Structure formats: structure tokens, C-alpha cells
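K.L.:
Let me begin by handing over the structure; questions about it come next.
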Amino acid sequence: MMNSKLRSDLRGIGSMSTDRRQFLIQGTAALLHQATQTITHPHIQPELDEFCVPLHIPPILDPVRSDATTDYYEIVQRETWAEIIPGVRTRVRGYNGSVPGPTIKARRGRATVVIHTNNLSVPSVVHLHGGVTRPEFDGFPTDIIAPGKTRRYEYENTGRAATLWYHDHHHLHAGRNLYLGLAGFYLLEDSDEINGRLPRDKYDIPLMLQDRAFTPDGELMYDHHGHRGAESCVMLVNGTPWPVLDVARRKYRFRILNGSNATTFRLALSTGQTMVQIGTDGGLLPRPISLRTIDITMAERVEVVIDFSHCPIGSRVVLENRRARGPLSRVMCFDVVRSERDDSSVPEVLSDFEPLQIWHATRMRTFVFGGEPRWGIPPAVQWVINGKRFDPSRVDADPKLGDVEVWRFVNGSFLGIFTMLHPVHTHLAPFQILRRNGRAPLTHEGGWKDTVAIDRGEKVDVIMQWSGYRGRYLLHCHNLEHEDHSMMARVEVT
Ligand SMILES: [Cu+2]
């Protein structure tokens, strides 16, 4: 049923030509339909049994050379064929041809230089998500690497030890580029003793969660669903469909990244046992938290310790997604296959944490993340911040270097419709969540964050300090299709 605000909006187009009017009315009806329907998946579901492919763990990239201060890496971005579904060849865009890209391990206080060569047929941009990075190396969406060209990215690694990731950020095209494979882990570590007591080495495993769709001939099928978001129906973890991991009866640390374009997960274990959350976007939490379910939206990271010591040998624990029915309701499984000695532990205090104080804030800014109709065939949604599309030449926020600010993120709507969850991400400055809808943040949202879910009707206040560097950065939605069209704002640290 059409609401009265929409009816009055449609009356406002009475002076247009009949064809134009008819087109707009039809377009609005289509948009209304689109905004209220569940996304359907016209593509194939590959014939594949769940939990029969071993989990792929991306290899650690070796530096090409190292000196007293810096490790140097080289990555070639190229199109290649990958066997994601067993027996099926799929064309991907990969860092060094791998999907996900190789993992870079960096050490706090020691610099990293990554030289990217673009051997793709399209321009690309590299952003280190969660990094405290100089503006010229931060991957502003218009700072492209043209096909055939090379660009050098320097990272000083001064931020907290954490699970970071590098991915494409090319303006208007990041959604497709990530969907086709341009993402990899970047693990920033320090020599903190506490880190050493947690499960480590082969018991410390990154998991990149992504959903994908395939055409009948095995191609990745990128569909932005009218810019609502590329949700799909095949679950990949580290590029493996519904994988299985053989585990010992002991504790494991999993660094979970939601690398999907537009899908939020609510993670739980089929056995009902708790996961101990130890980390978030910005590294270790102050203290561990035991949780039965953990929500993780696009680009967020959650680090958990799962203890399989109480599971009998031969048992299976499924990592489930309680936000989905059907194929995406299962993520992967752990098969308990052997006993092993375990001298790891989860300390009661994980890291030093100093809350930023609200009375130190020099300014409060409000950003409304909303949607508007975008007329075209087919009609789509235009995603905007404070009513504006992204313009790389316009400064939308100008915090001063060193200043503490409070930012309010509001989920807005157009005519009461076009509202979706927006994962809001700030470049350069991590933040602490002060309030969610006037109340304390959710249990798993403590510590340092760089991405926060703002669901329909929600309002979240965060506090951050703009330390590091002056220059051009970004605030944006990390639903990649919203980011591309055009829910980004330029932040200029002055
Ligand atoms: Cu969004």
C-alpha cells in the first residue's frame, strides 16, 4: 500500500510529460517493490555437499627483502582461474592471483612497503583497512593504479596490533573488484607477552567470510541488486565453499573477518557452547567475553577462542549463521579428530584500554546515512550521507590533527523506506562506541573499533582522536554497493 508521503511526492511530478510521469511512477513502484522484497537469487546453487572441502588457509607472503627498519613486499594484481568449486574453473581477480590474497604479517613499529603492480584490465586502488596510514598511501578512491602501472604503499605500522585486511577501494568499482577476489589479510602483531599465552601459530587461524554467486558455467556472478548489495547464496571461508577444518581437542584462536559485500552474520556454534571473544577491529579487548552468538557485519573483525577440549573425538561442531535460513545458515564445520596437549590460556586481562573522555571532545558531528530513489532502468537506490553523494573534491568533515571528536551516525530513510543496515567505517582514526540508541554499546562492541553496524532506525555515538597524519581520508558505508553509489564522505584532517 502506498503511504501518504509517497502519494504527495508523486503529485509533485504532475507538471512533467505523460511519458516521464508514467516512467517515474512505474520506477517508484518498482523501487517500492524492491525495497520491500527479499533479494532472490536467480543464479545457480552449485551441486556441492557441505563440509567436504578442507579449509584453505592463505599462505603468508615472504618479503622480497628486509632492512633494519622495513620489510618490502611485491604483489601483482592479476586475473586468473581458480578452482573454488571442486572441478569448476572460475575467473577471479587476485592479489598474486590468489583468492583471498596472501597474508602479510607485520610487526608493530617496523615499517612495511608493498609494491602493487596492476596487471588487471581495470584500474585498482589498495586500502589497508584498520591501518594508521599516511594519506598518500591510504587508498583514496580516486588514487588509482592504472592497468600496467605500479604503485608503492608504505605502512608505518604504528597502530594497535590487530587483524587488518587490504582490499580494493576504486571509486564506483570496489564492490565488483572485491567480489572477484581483491582482498587479503594483514596481521599486525606485537611482542606483547599476553599475545604469547593465547593459542598461536597453527592454532591461530584467520577466517574470511564471504558469500558468492556463480553462473551455470562457473563464473562469479556479481549482481548489486539495484545497489542494495551483492548478497549471494554460496558460503565461502577463505575462498573455500562450506569448508571443514580438522581440529584437536584444545583451544584455537580464530580471527574472523566479514569480507562479504552486503551480508551480516550472527555466528553461533551448533553445540550451544560459548565462544570467548578476545578481540575486535582494533585488536585485543580489555577482557575476554563469553558469548553464544556474535553479530559481525561487513568489514568488522571478531577474534574468538573456541575450546574443543570438551568435544569427543569424532564429533562435529558447525559454525552457524543465525541470521539466515537456507544455505547461508551454515558457515563451516570443525571435525574433532585427535587429542593434543594445550598449554595456551586466555588471560583475564588482555590489553590496556584507556577510554577516551567525552569532556575532551572539541566537536560533535552528525552523519545521516540514508537512501534516495535513483531513476533509471532498472531503478536503483542512491545512497547518501547527509543528503549528499560522494564528491572527492568536497570536504565533508575537517577535524584538526590531535583533536578528540564525537561523531553521531544516524540511519536515515527516504519516505520511510530505503533503509538498510549500514556498516560505517572511518579511515585513519579508530573509535570507541559511547552509546547505541542512547544506551550502552552491545556486549561485543567494546574496545577499539573502525567499523560499526547502524541498523534501521538506529543512532550510534562514537568517540575518536584524529591522531597520525594530516590529509585526505574517508568516512563511508562498508556495504560495498552503498559505498560505490555513493555513501562516502571526504574527511580532511587539518
Ligand atoms: Cu550502507
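The values are calculated or read from the model by the stated rules, or taken from the named source; none is laboratory data. All of these numbers come straight from a predicted model, not from anything done at the bench. Don't worry about glycine lacking a Cβ; one is built from the backbone with ideal geometry, like all the others, and counts go over all protein chains shown. Note: accessible area is taken over every heavy atom of the protein model, side chains too, but ligands, DNA and RNA are not part of it. Shrake-Rupley method; radii C 1.70, N 1.55, O 1.52, S 1.80 Å.
K.L.:
Modelling each spin label as a point 7 Å along the Cα-to-Cβ direction, I'd like the Arg287/Arg89 distance in nm, to one decimal.
P.N.:
Between Arg287 and Arg89, the label points sit 5.7 nm apart.
K.L.:
Going 7 Å from the Cα of Met364 along its beta-carbon direction, which residues of the range 372-416 have the amide nitrogen within less than 19 Å of the resulting point?
P.N.:
Answer for this model: 386, 397-400, 403-412.
K.L.:
Amide H of Val368 versus every other amide H placed in the peptide plane: which residues, excluding those fewer than 5 positions away on the same chain, fall under 5 Å?
P.N.:
Residues meeting the amide H criterion: Asn386, Val410.
K.L.:
Now, a different point. Restricting things to alpha carbons, find the Rg to Rh ratio for the range 301-368 using the Kirkwood radius for Rh.
P.N.:
Value, to two decimals: 1.19.
K.L.:
Tell me what the chain gives for mean residue ellipticity at 222 nm when only DSSP H runs of n ≥ 4 count, each as -39,500 (n - 2.57), the sum divided by the residue total, rounded to 500 deg cm²/dmol.
P.N.:
Working: 5 runs with 43 residues, N = 494.
Value at 222 nm, helices only: -2500 deg cm²/dmol.
K.L.:
With every protein chain left in place, what is the accessible area per residue of the chain in square angstrom, probe 1.4 Å?
P.N.:
Result: 41 Å² of accessible area for each residue.
K.L.:
What does the net charge come to around Asp246 if you take all other residues with beta carbon closer than 13 Å to its beta carbon, with K and R at +1 and D and E at -1?
P.N.:
+3
K.L.:
Cα gyration tensor of the range 336-391, axes a ≥ b ≥ c as square roots of the eigenvalues: rounded (a/c below 1.5), prolate (a/b > b/c) or oblate?
P.N.:
oblate
K.L.:
In whole Å and largest first, what semi-axes does the C-alpha gyration tensor of the range 137-221 yield when each eigenvalue is scaled by 5 and square-rooted?
P.N.:
On the way: eigenvalues 177, 92, 17 Å².
In descending order, the three semi-axes are 30, 21, 9 Å.
K.L.:
Moving to a separate point now. Per the Kirkwood definition applied to all pairs of different Cα atoms, how many angstroms is the hydrodynamic radius of the range 189-344? Walk me through the numbers on the way to the answer.
P.N.:
Values: mean 1/r = 0.0609 Å⁻¹.
After inverting the pairwise mean of 1/r, the radius is 16.4 Å.
K.L.:
So, by mean Cβ neighbours within 10 angstrom, what's the order for 59-71, 427-439 with the highest one leading?
P.N.:
By packing density, highest mean first, the sequence is 427-439, 59-71.
K.L.:
Please compute the alpha carbon radius of gyration of the range 60-112, then divide it by the globular-protein estimate 2.2 N^0.38 Å. Two decimals is fine. Write down the numbers at each step before the final one.
P.N.:
Working: Rg = 14.4 Å, N = 53, 2.2 N^0.38 = 9.9 Å.
After normalising by residue count via 2.2 N^0.38 Å, the value is 1.45.
K.L.:
Across 10 Å bins from the origin, how do the percents of Cα pairs in the chain run, short distances first?
P.N.:
Distribution as computed: 4, 19, 30, 28, 14, 4, 1, 0 percent.
K.L.:
Can I ask one more? For the chain, give me the percentage of DSSP beta bridges that are antiparallel, rounded to the nearest 5 percent. Walk me through the intermediate numbers first.
P.N.:
Values: 96 of 133 bridges.
Antiparallel bridges make up about 70 percent of those DSSP assigns within the chain.
K.L.:
While we're looking at this one, here's another question. Considering only C-alpha atoms, what is the centroid distance from the range 343-419 to the range 72-143, in Å?
P.N.:
26 Å
K.L.:
Once you keep just the Cα pairs under 8 angstrom separated by 6 or more residues, what percentage relative contact order results for the chain?
P.N.:
Normalised by residue count, the contact order of the chain is 14 percent.
K.L.:
Moving on to the next point. Just to be sure I understand the curve: with the Debye formula and one point per C-alpha of the range 321-452, what is log10 I(q)/I(0) at q = 0.12, 0.19, 0.21 Å⁻¹?
P.N.:
Rounded to two decimals, the profile gives -0.76, -1.28, -1.39.
K.L.:
Can you work out ³J(HN,Hα) from phi for every residue in the range 196-209, in order, using Karplus 6.51 cos²θ - 1.76 cosθ + 1.60 and θ = phi - 60°, giving whole Hz and x for Gly and Pro?
P.N.:
Karplus values, whole Hz, x for Gly and Pro: x, 8, 6, x, 9, 6, 6, 9, 10, 10, x, 10, 9, 8.
K.L.:
Put a dot 7 Å past each Cα toward the Cβ at Thr80 and Arg197; how far apart are the dots in nm?
P.N.:
For Arg197 paired with Thr80, the spin-label model returns 4.1 nm.
K.L.:
In Å, what is the Rg of the alpha-carbon atoms in the range 100-257, and how long is Dmax?
P.N.:
So, for the range 100-257, Rg and Dmax equal 17.2, 51 Å respectively.
K.L.:
Determine, for each peptide in 454-463, 379-388, 180-189, 143-152, the mean count of other beta carbons within 10 angstrom over its residues, then list the peptides with the highest first.
P.N.:
Sorting 454-463, 379-388, 180-189, 143-152 by mean packing, highest first, produces 180-189, 379-388, 454-463, 143-152.
K.L.:
How far, in nm, would the chain grow between Ile377 and Lys400 when pulled straight, counting 0.36 nm per residue and subtracting the alpha carbon separation?
P.N.:
Length gained, Ile377 through Lys400: 4.0 nm.
K.L.:
Can you compute the modelled spin-label distance between Arg470 and Ser393, with each label point 7 Å from Cα toward Cβ, in nm?
P.N.:
2.3 nm
K.L.:
Please list 3J(HN,Hα) in residue order for the range 51-63, calculated via the Karplus relation 6.51 cos²θ - 1.76 cosθ + 1.60 where θ = phi - 60°; whole Hz, with x for glycine and proline.
P.N.:
6, 10, 10, x, 4, 7, 10, x, x, 7, 7, 7, x
K.L.:
I want the local charge near Asn321. Using Cβ-Cβ distances under 11 Å, sum +1 for each Lys or Arg and -1 for each Asp or Glu among the other residues.
P.N.:
+2
K.L.:
Now for a separate question. At 37 °C and 0.692 mPa s, what whole-number value in µm²/s does Stokes-Einstein give for the translational diffusion of the range 264-352, with Rh from the Kirkwood sum over Cα pairs?
P.N.:
Stokes-Einstein gives a translational diffusion coefficient of 231 µm²/s.
K.L.:
Related question: Throw me the Rg/Rh for the range 219-284, computed over C-alpha atoms with Kirkwood Rh, two decimals.
P.N.:
1.01
K.L.:
Show me 340-350, 73-83 ranked by packing, highest mean number of other Cβ atoms within 10 Å first. If you can, show how the numbers build up before the last one.
P.N.:
Numbers: 340-350: 13.0, 73-83: 17.1.
The most tightly packed comes first, giving 73-83, 340-350.
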